[in-house]
Amino acid sequence: MNNGQTKPAYNLQIGTENQFITDFMLFPNPTDTLTMIPFYSSYSSRYDRLPKENCADAGYGSEENYAYMEANGIEAYVKFNYFHKEQKKAFKDDIFRLENLYYNKEDDYFVCPMGQHMERVGTVHTKTESGFRTITSVYRARNCEGCPLRWGCYKSREAARTVKANHRLMEYKQQARDRLTSEKGLKHRSNRPIEPEAVFGQMKYDMQYKRFRHFGKDKVNMDFAFFATAFNIKKMIATMKRAA
Ligand code: SF4
């Protein structure tokens, strides 16, 4: 980076259980969202099964990932982008947020803070970077002119407010919310810092494994495979010593 620091070349993903490294994969893309499904394919070919549960942070909470986990029977304890924010008072009290508007599923309309029905006016079909198709429904109020709440409701110059809702994603988020706030979900969340995060901490700070020693994906794969094997042997000996 011309300042003595180096740029990360790979996004290393690891799976852990009881602080043992169960799988790893290296990705050239910096964001985590698109790494989850290929990582599961790798896990499945290595162990001939998929995990029953997954606990991961908000970087993995996309519609595509939730859909994949549901289709493959994986119970998802996976946060989404505003999971923590929505539990704050300011979020809950914001009457203008889409998440806080009443939605009538049967007749498919939202109700705005002034009680006006926002009817469905269109549907947007999009494709993500990986080819996954999403459907977003568009709703519009009939008339916002002269509304005393106009100041806080929306910023655009349009005569009436428009909102967009991805219902399938909203349902996945509700399912994730219910799971993450359940007793089991709270246990998973409290375990998360002592699972992959603790393993990364031990790798980087206790064992000083902060850089790969080779160049090129194949060599770096081999580099980390040796490291992970040694890491697991070390962990196994420590566990056996504790149990003795
Ligand atoms: S500005 Fe429009 S959408 Fe917003 S509260 Fe008023 S009437 Fe409802």
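Checked against (1) farther than 30 Å from P38 by Cβ; (2) touching a residue at least 12 places away in the same chain (Cβ under 8 Å); (3) small (G, A, S), S156 passes all but a single condition, namely (2).
Out of the residues in the range 1-27 that are farther than 21 Å from A198 by Cα and polar (S, T, N, Q), which is surrounded by the most Cβ atoms within 10 Å (Cβ to Cβ)? Only one residue tops the list, namely T6. What residue, among those in the range 154-169 that are surrounded by fewer than 16 Cβ atoms within 10 Å (Cβ to Cβ) and at pLDDT 95 or above, is nearest to the chain's Cα centre (by Cα)? The selected residue is R168. In this entry, S156 is excluded by the filter for residues that are in contact with an Asp or Glu (Cβ under 7 Å, 6 or more places away or on another chain) and either in a loop (DSSP other than H, G, I, E, B) or closer than 30 Å to S182 by Cα (or both). The set of residues in the range 93-113 being surrounded by 14 or more Cβ atoms within 10 Å (Cβ to Cβ) and either among the β-branched types (V, I, T) or within 10 Å of the ligand (Cβ to nearest atom) (or both) consists of F96, L101, F110, V111, C112, P113. No other residue among A90, A67 is assigned to a helix (DSSP H, G or I) and surrounded by 13 or more Cβ atoms within 10 Å (Cβ to Cβ) apart from A67.
The values are calculated or read from the model by the stated rules, or taken from the named source; none is laboratory data. Keep in mind that what you see is a predicted model, and the values were worked out from it rather than measured. Positions of Cβ are backbone-derived with ideal geometry, glycine not excepted, and every protein chain shown enters the neighbour counts.
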